[in-house]
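Please read the structure below before turning to the comments.
The values are calculated or read from the model by the stated rules, or taken from the named source; none is laboratory data. Since the structure is predicted, the reported quantities are computational estimates derived from the model, not experimental observations. Every residue, glycine as well, gets a Cβ built from its backbone with ideal geometry; the counts of neighbours run over all protein chains shown.
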């Protein structure tokens with residue numbers, strides 16, 4: 001019998017017309033049952049009762065049919081009925097019965113004696129409403145009970161007893177896709193502890209909760225999105241992970257489309273600081289209607305800048321990258337998500353001056369986000385000249401073209417590795433910063449302030465190409481070990497969307513020549529990051545191995561040079577770095593000479609020239625440490 005009901009209820013066996021007929025039969029039954037109960041045993045003739053009852057039933061059927069169509073009460077699937085569906089029934093019956101009762105009053109006004117009192121009409125209405133609502137609830141409860149018994153449901157708890165948590169729990173009930181059984185709630189609010197919600201108990205988030213979870217065989221907790229922001233910095237989060245409790249979360253309730261969207265908690269969700277907020281309105285005012293060029297548009301940062309810019313209704317977006325396949329993937333994504341957006345997808349190398357000149361003439365950009373760069377530290381230690389060509393020469397070409405073609409704003413994406421650089425990549429970005437800032441001051445001094453140059457400097461981005469997060473995920477997936485270079489190595493982190501939003505806001509607030517640094521919060525130990533990811537994976541036996549620092553790598557990244565200081569902006573997470581300024585003519589000459597030297601592909605000579613430009617560049621764990629010793633002797 002249970003199997004029959006399961007098969008019956010799990011299929012769409014009742015068409016709309018059948019549900020409508022059943023609802024109308026309830027209308028007829030309600031009418032005759034109350035009408036006969038009120039009048040059928042009081043000595044009245046059966047003919048009178050039958051005549052008035054039939055006429056009333058016909059009126060009710062006709063007008064309620066109309067109202068059922070208006071409010072679409074029969075269009076839903078009964079087993080998935082919600083509070084909204086039940087309210088539609090109330091509205092439809094109120095309209096149908098209201099019209100019918102009004103018609104009866106009009107008939108009585110014309111001396112047509114129709115036997116229907118107000119109390120009788122109200123009684124029929126409430127019986128009818130009860131039958132229709134009860135039928136939906138009955139089908140829903142029977143379905144959920146039978147499906148729960150006949151499927152292997154997973155026991156879960158929901159963390160959060162406010163609106164978001166309750167919405168998650170309601171969405172899970174009866175959802176065949178997940179097969180989850182909510183056995184309890186966890187709450188931080190003392191007045192909620194011990195109470196019942198949706199038939200289950202609310203528990204406190206104390207040490208006893210783990211005994212409760214073990215007793216009820218619960219290994220999964222769904223955390224409402226608002227609650228996730230509250231607990232990610234608490235000790236409780238690590239305790240959940242320590243006890244092998246897997247955490248899931250959902251997208252914000254107001255972002256649900258038709259159904260609940262559940263996702264695994266990612267390490268990005270557990271960043272130990274509040275999320276960064278930006279002034280989206282100010283950004284929109286700067287970008288709306290503009291021709292926006294983004295270099296490195298297929299990379300982690302560049303592609304996210306593309307997505308962010310696309311939200312602000314630019315006139316068009318010019319995507320430039322030399323990586324053909326990732327750029328093609330970006331084209332497909334834009335066609336899918338922003339079909340009406342004007343885009344120009346261009347495969348080009350920013351260090352190719354003639355090609356970039358041609359692109360500027362054709363596209364006439366007004367706003368440039370320059371994210372094209374080689375960024376992997378060990379790779380650039382082994383490919384010094386390529387770092388010079390793409391990072392430095394590419395930036396110089398783009399900046400000079402921006403001035404020549406009267407670009408309104410030019411935003412350079414830099415890195416914390418440019419501060420007291422210990423590697424070739426970081427030094428190349430510092431030289432880019434020096435050139436951009438000196439150029440900005442030069443055009444301002446000569447009253448040629450056609451282009452505003454802005455530099456943005458931030459740390460590591462969680463989940464970006466080549467970062468530790470994708471690497472750790474792959475290593476965990478393969479059973480380990482997870483490799484960390486040093487037990488004490490720390491890094492600043494932010495998410496890709498956060499980084500790109502801050503880049504956009506810094507670009508909107510800049511007047512020219514500023515180097516903006518972002519408040520990255522507290523630095524994170526990479527080994528702690530690895531431990532959290534291992535716990536999140538549910539595979540606690542995976543080991544961590546320390547492999548030693550790589551070429552050019554240092555234990556601690558810095559966002560400011562020790563001789564630098566900052567001044568605040570109107571955004572609490574964005575500061576302006578006060579750095580030593582350089583004279584443009586001198587900087588331009590030495591960079592041109594550095595580029596010329598790089599074409600000899602003599603790494604030692606090239607790095608020596610870089611260190612002369614940036615004296616604070618001290619190589620770490622690198623063959624170029626010998627150049628430092630040579631320069632020290634020369635200085636002495």
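Candidates are the residues of the stretch 524-538 that are at pLDDT below 75 and touching a strand residue (DSSP E or B) at 6+ places or on another chain (Cβ under 8 Å); the one that is nearest to residue 473 (Cα to Cα) is 536. Only one entry of 406, 465 meets the criterion of being assigned to a loop (DSSP other than H, G, I, E, B), at pLDDT 90 or above and surrounded by fewer than 20 Cβ atoms within 10 Å (Cβ to Cβ), and that entry is 406.
Quick grid of which residues meet (1) surrounded by fewer than 23 Cβ atoms within 10 Å (Cβ to Cβ); (2) more than 33 Å from the chain's Cα centre (by Cα); (3) not assigned by TED's automatic domain parsing to the domain that holds residue 354:
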| site | (1), (2), (3) |
| --- | --- |
| 413 | no, no, no |
| 417 | no, no, no |
| 431 | no, yes, no |
| 438 | yes, yes, no |
| 442 | yes, yes, no |
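Among the numbered conditions (1) surrounded by fewer than 18 Cβ atoms within 10 Å (Cβ to Cβ); (2) modelled with pLDDT of 75 or more; (3) closer than 30 Å to residue 169 by Cα, the only one that residue 74 does not meet is (1). Tell me yes or no: at least one residue of the stretch 251-272 is out of contact with any helix residue (DSSP H, G or I) (no Cβ under 7 Å at 6 or more places or on another chain), at pLDDT 70 or above and outside any helix (DSSP H, G or I). For the stretch 251-272, residues out of contact with any helix residue (DSSP H, G or I) (no Cβ under 7 Å at 6 or more places or on another chain), at pLDDT 70 or above and outside any helix (DSSP H, G or I): absent. Taking the stretch 178-202 as the range and being assigned to a strand (DSSP E or B), within 16 Å of residue 217 (Cα to Cα) and either within 27 Å of the chain's Cα centre (by Cα) or touching a residue at least 24 places away in the same chain (Cβ under 8 Å) (or both) as the test, the residues that pass are 180, 181, 182, 183, 184, 185, 186.
Would you check if residue 130 is surrounded by 19 or more Cβ atoms within 10 Å (Cβ to Cβ), at pLDDT 90 or above and in a helix (DSSP H, G or I)? For residue 130, the condition - surrounded by 19 or more Cβ atoms within 10 Å (Cβ to Cβ), at pLDDT 90 or above and in a helix (DSSP H, G or I) - is not met. Candidates are the residues of the stretch 509-522 that are at pLDDT below 75 and at negative phi; the one that is surrounded by the fewest Cβ atoms within 10 Å (Cβ to Cβ) is 522.
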